Amino acid sequence: MDPNRVRVPDFREKKRRGDKIAMLTAYDATMARLLDAAGVDALLVGDSLGTVIMGQETTLSVTLDVMVHHTRAVSRGARRALVVADMPFLTFQVSVPDAVRNAGRLLQEGGAAAVKLEGGRPIVDVVKRLVDIGVPVMGHLGLRPQSVHQAGGYRKQATDPSAVDALLADAASLEDAGAFSIVLESIPADVARQVTSTVTVPTIGIGAGPDCDGQILVSYDMLGLFDEFVPPFVKQYARLAETVLAAAEDYAADVREGRFPLSPTPPVGAKPQR
Ligand code: KIV
């Protein structure tokens, strides 16, 4: 194993030292290799692939087989970054043995080092069992896209005092159950700061302000590839959608106008060019 590999205990150590954790999502080996080479600490194979890769409106139809498939690809591309795989809807809520088997596939077949589960107190028995048998768990609180229908849409969470109390109780229960970090999605910055100062495990924010112990973004959002909807908290570090569109337009025009391929057909026996 690469000695520079980021490991689960490094997360807690980073929080102790005050080093921020940089995470991005990844869904395939090529992108994983690039994001890894850029020094990103951890790659999440998010079930957001349901929307950004599969073109669906929600993440609910993402299956375990799909997650295993993409996790295997990301694991092949990542050398240093910790690979975390999302457990999709209904793969951990039905029973503890079911969750153990399903998480096991993400590690055994997908090569992930950890799994992420959406939810708090209602799933602590699952989190505890996974941790007890050696499966590192990342929690996910605040906006939980797998509960989009119950939430009535992708809205900011923990906006009233009772919801803040519930969130703090969920975070404490995940920490007690052994989760090694907790994603906080779409909650007010002051609430994220409160959670971050309350738990000893690192919080990873997305739309949760600057005071979490780390940040995560959906890579397709951050790279400006998924441009159908850009969440307000996203910073686009590139505009790859425009680049891809322009490149594909140029290519199609070149083919149609006879400008590509540039050279005459190579003589028989010549090495094929890519
Ligand atoms: O599925 C996903 O990409 C996620 C992140 C947004 C945290 O859960």
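Structure data summary
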item	result
In the chain, lysine pairs with alpha-carbon atoms under 27 angstrom apart (chain gap of 8 or more, or interchain)	15
Exposure of Lys235 as accessible area (Å², to 10), given a probe of 1.4 Å and all protein chains	110 Å²
Radius 13 Å from Cβ of Phe229, net charge of other residues (Lys, Arg +1; Asp, Glu -1)	-4
Residue of Ile21, Ile133, Ile187 that the Gaussian network model of the chain assigns the largest fluctuation, springs spanning Cα pairs under 10 Å	Ile133
Simple spin-label estimate for Arg76 and Ser95 in nanometres, 7 Å along Cα-Cβ	3.5 nm
Value at 222 nm in deg cm²/dmol, rounded to 500, when DSSP H runs of n ≥ 4 in the chain each add -39,500 (n - 2.57)	-12000 deg cm²/dmol
Label-point gap, in nm, between Asp176 and Val268 - each point 7 angstrom along Cα→Cβ	7.9 nm
Sulfur and carbon atoms: percent of accessible area, the range 8-242 [1.4 Å]	53 percent
Which of Met67, Met54, Met222 is most accessible, then next, and so on - probe 1.4 Å	Met54, Met222, Met67
Area accessible to solvent at Val244, 1.4 Å probe radius, in Å²	80 Å²
Karplus 3J(HN,Hα) series, Hz, for the range 137-142 with 6.51 cos²θ - 1.76 cosθ + 1.60 (x for Gly, Pro)	10, 9, x, 8, 10, x
Cubic angstrom per residue, convex hull over Cα atoms of the range 126-274	196 Å³
Highest-fluctuation residue, Asp250, Asp227, Asp170 considered, GNM on the chain with Cα pairs under 10 Å	Asp250
Per residue solvent-accessible surface (Å²) - the range 8-242, probe of 1.4 Å	43 Å²
Ratio of the Cα radius of gyration of the range 196-237 to 2.2 N^0.38 Å, where N counts its residues	1.33
Largest-first ordering by accessible area, 1.4 Å probe, given options Ser75, Ser181	Ser75, Ser181
For q = 0.09, 0.13, 0.17, 0.18 Å⁻¹, Debye-computed log10 I/I(0) when each Cα of the range 8-242 counts as one equal scatterer	-0.32, -0.71, -1.33, -1.53
Relative contact order (%) - criterion: Cα under 8 Å, at least six apart; region: the chain	16 percent
Order of exposure, largest accessible area first, which applies to His140, His70, His149 with probe 1.4 Å	His149, His70, His140
The range 1-144: radius of gyration and largest Cα-Cα distance (Dmax), Å	14.5, 40
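The values are calculated or read from the model by the stated rules, or taken from the named source; none is laboratory data. Predicted model only: the values in this text are computed from it and were never measured. All Cβ positions, glycine included, derive from the backbone under ideal geometry; neighbour counts span all protein chains shown. All accessible areas refer to the heavy atoms of the entire protein, side chains included, with ligands and DNA or RNA removed. Shrake-Rupley method; radii C 1.70, N 1.55, O 1.52, S 1.80 Å.
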